[in-house]
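Down below is the structure, laid out as C-alpha cells.
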Amino acid sequence: MKKTAMTISYELWGKLYLNITNKCPCACTFCLRQNDDGAYGSDPLWLEHQPTLEEVLANLKTRDLSSYEEIIFCGYGEPTSELDILLETAKYIRSVCDTPIRLNTNGLANLIHGRKTEPDFKGLIDTVSISLNASESEAYMAITRPKWKDKDCFAELLSFAKDMKQYVPNVVLTVVDVIGEEEIAKSQKVADSVGVKLRVRPLES
C-alpha cells in the first residue's frame, strides 16, 4: 500500500530535492516508485494531492536555501509536468539565494505541453540533467514506456537536449552504470551527436 505525505522538499547529500508533482508520462521499468514510497530513506514522496505554487513556496520558506550545495527538481514525478510551478519556484529561489538549480527530467516537456519549452528555462536553471536510458529509440521506448506510442520520444529527447544548450549553461544526458561498457560507449556517441555531456551514474544515486 502506498504511503502518502506532503513531502515537497527533502534533503540528501547536502542537497535539497524538490518533489513538486507525482505526474509522469512514462512508466520506466527501473523507476524507484515501482517498488518504494520514498528515495534513499526520505519520507514518503507520494503526495496527498498536487501541491499548489503557494504550498511549494511556503515549504521552501521554512528552509535556508543558501545552505545547500544544489537545489534539484527531482521527486516522484516528472517536474516539467507542472511547468508553471517549476518556473515560478525557480524564480523564487533565484530571488533569495545563489544556490545552483538543477532540473532532472525525462526530456519530454515539449510533448507534454505541445510546444517548444526550452526558452522558458533561460536564466532560471543552471543544469538540465536528462535521463537517456538507452542508446537507440527501440530500446528507449521499451525501457521508459512513455504514453506516446506513436511518437519518436527518443528523437524528442535529443532535440530537447540540443536546443536546451541555447538557454541553460550545463546540459547533461545520463545513463546508469549497470548498462555495460558497450552501451555506455554508444550512449557517449549519442551525447556527442547533440553536443552535450554524458554522465554515467551509479544505479543507486
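A count restricted to the range 1-57 and to residues that are over 24 Å from Gly107 (Cα atoms), at pLDDT below 80, out of contact with any Asp or Glu (no Cβ under 7 Å at 6 or more places or on another chain) and charged (D, E, K, R) stands at 1. Look at the range 90-110 and say how many of its residues are of a type outside the set (A, V, I, L, M), touching a Leu at 6+ places or on another chain (Cβ under 7 Å) and assigned to a helix (DSSP H, G or I). Count: 3.
Scanning the range 159-193 for residues being at pLDDT 95 or above and either among the charged types (D, E, K, R) or within 13 Å of Glu118 (Cβ to Cβ) (or both) gives a total of 14.
Of all the listed residues (Val56, Val96), the sole one being over 18 Å from the mean Cα position of the chain (by Cα), β-branched (Val, Ile, Thr) and surrounded by 12 or more Cβ atoms within 10 Å (Cβ to Cβ) is Val96. For Asn110, the criteria (1) of a type outside the set (A, V, I, L, M, F, W, C); (2) modelled with pLDDT under 95; (3) buried (at least 16 other Cβ atoms within 10 Å of the Cβ) hold in every case but one, which is (2).
Quick one: is Arg63 touching a strand residue (DSSP E or B) at 6+ places or on another chain (Cβ under 8 Å), in a strand (DSSP E or B) and not acidic (Asp, Glu)? Answer is no for this residue.
The values are calculated or read from the model by the stated rules, or taken from the named source; none is laboratory data. Quick caveat, the model's predicted, so the values are computed rather than measured. Using ideal geometry, Cβ is built from the backbone for each residue, glycine included, and neighbour counts are taken over all protein chains shown.
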